[in-house]
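Engineer: Please find one structure pasted underneath; my questions will follow.
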Amino acid sequence: MDWRTAGHGALLLPTPLEVAGRLWALMGQAPFWQAAGMSLGRIFLGFALGAALGTAAAAATAAFAPADWVLTPAVKVVRAVPVASFIVLVLLWAPSTGSVPAIVSGLMVLPVLWGNVTRGVAETDPRLLEMARAYRFGRGKTLALVYIPSVFPYFASGCATALGLAWKAGVAAEVLCLPRLAIGTRLYRAKITLETPDLFAWTVTVVALSFLLERALGSALRRWGRGTEL
């Protein structure tokens, strides 16, 4: 059976050359870069907010028992809810479709950073804390010289894990909420119009941007980590 349609390559499985050719053609168009840039901006914003909130929640649960009672169950609920449910709920409540991917990405990141930072705080070397008390370090100095260097490896590991989750969840949210300029929107349109080479080309774009983001974040964290070493 011939699964090919004129001008569109293989309907079910295009060849690598067809996908590469279509990707090259898309890269020559301004909407390609606009969609990629908007998706990167939305999802990275959500990642940054989720990382900040997760770290703050972990610090609060470690420092205050009442915060632990309130925040720990809430974060565990966020961790347990499926991504698809979050996308639908946020789509109902969000002020605009463009904000949905950022919010969903942040919600995926928050429990990961909370768990890693909480573990890092719990595993801080008690001898270092004892030394800080012996030298009468204040809270700020103890935080800067003991907790941050001890927790940073856990924070960096959490960021590396959470970035992939944020990227996948953000693109999935775009597929459902269809912002005007977004990779997920282009994926959805390629699917409903049976533009299979476009679908594969955009999928390759998602994977490539994911690798670039991970490398950029890893490089930034390594530079930051050198400044926090004990």
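Each value in this text was obtained by applying a stated rule to the coordinates, not by laboratory testing. What you see is a predicted model; the values in this text were computed from it and never measured. Cβ coordinates were reconstructed from backbone atoms using ideal geometry, including for glycine residues, and neighbour counts include every protein chain displayed.
Engineer: Normalised by the empirical 2.2 N^0.38 Å for globular proteins, what value does the Cα Rg of the chain take?
Structural biologist: The chain yields a ratio of 1.25.
Engineer: Need the C-alpha centroid separation for region 191-212 versus region 124-154, integer Å.
Structural biologist: Result: 47 Å between the Cα centres.
Engineer: Could you pull out the GluC sites (Glu not before Pro) across region 97-178 that fall in loop regions by DSSP (anything but H, G, I, E, B) with no more than 12 other Cβ atoms inside 10 Å?
Structural biologist: Glu123
Engineer: Something else: Mind listing which trypsin sites (Lys or Arg not before Pro) in region 49-144 are in a DSSP loop and have 11 or fewer other Cβ atoms within 10 Å?
Structural biologist: Passing sites in region 49-144 are Arg136.
Engineer: Normalising by the residue count of the chain, find the relative contact order in percent from Cα pairs under 8 Å and 6+ residues apart.
Structural biologist: RCO, the chain: 28 percent.
Engineer: Taking the Cα-to-Cβ direction at Lys141 and at Val81 and moving 7 Å from each Cα, how far apart do the two end points lie in nm?
Structural biologist: 4.4 nm
Engineer: Next question. Return Met38, Met108, Met131 ranked ascending by Cβ neighbour count within 10 Å, so the fewest neighbours appear first.
Structural biologist: If I rank by nearby Cβ atoms, fewest first, I get Met131, Met38, Met108.
Engineer: Right, here's the next one. Mind giving me the nanometre distance, one decimal, between the label points for Asp125 and Phe211, set 7 Å out from Cα along Cα→Cβ?
Structural biologist: 3.8 nm
Engineer: Straight-line reach from Lys76: which aspartates and glutamates fall under 14 Å, measuring Cα to Cα and dropping same-chain residues less than 8 apart?
Structural biologist: Asp68
Engineer: Let me ask another. Which log10 I(q)/I(0) values does region 27-158 give at q = 0.09, 0.12, 0.19, 0.20 Å⁻¹ under the Debye formula, counting every alpha carbon as one identical point scatterer?
Structural biologist: Log10 I(q)/I(0), no solvent term: -0.37, -0.59, -1.06, -1.12.
Engineer: Defining a contact as two alpha carbons under 8 Å apart and six or more residues distant in sequence, what relative contact order in percent does region 61-185 show?
Structural biologist: Result for region 61-185 is 32 percent.
Engineer: How much mean residue ellipticity at 222 nm does the chain get from its helices, if each DSSP H run of length 4 or more adds -39500 (n - 2.57) and you divide by all residues, to the nearest 500 deg cm²/dmol?
Structural biologist: -26500 deg cm²/dmol
Engineer: Label Asp68 and Ser96 with points 7 Å out from Cα along Cα→Cβ: what is the distance between them in nm?
Structural biologist: Distance between the two pseudo-spin positions: 4.2 nm.
Engineer: Another question about this same structure. Quick one: in region 158-230, what % of C-alpha pairs are over 18 Å apart?
Structural biologist: That tail contains 49 percent of the Cα-Cα pairs.
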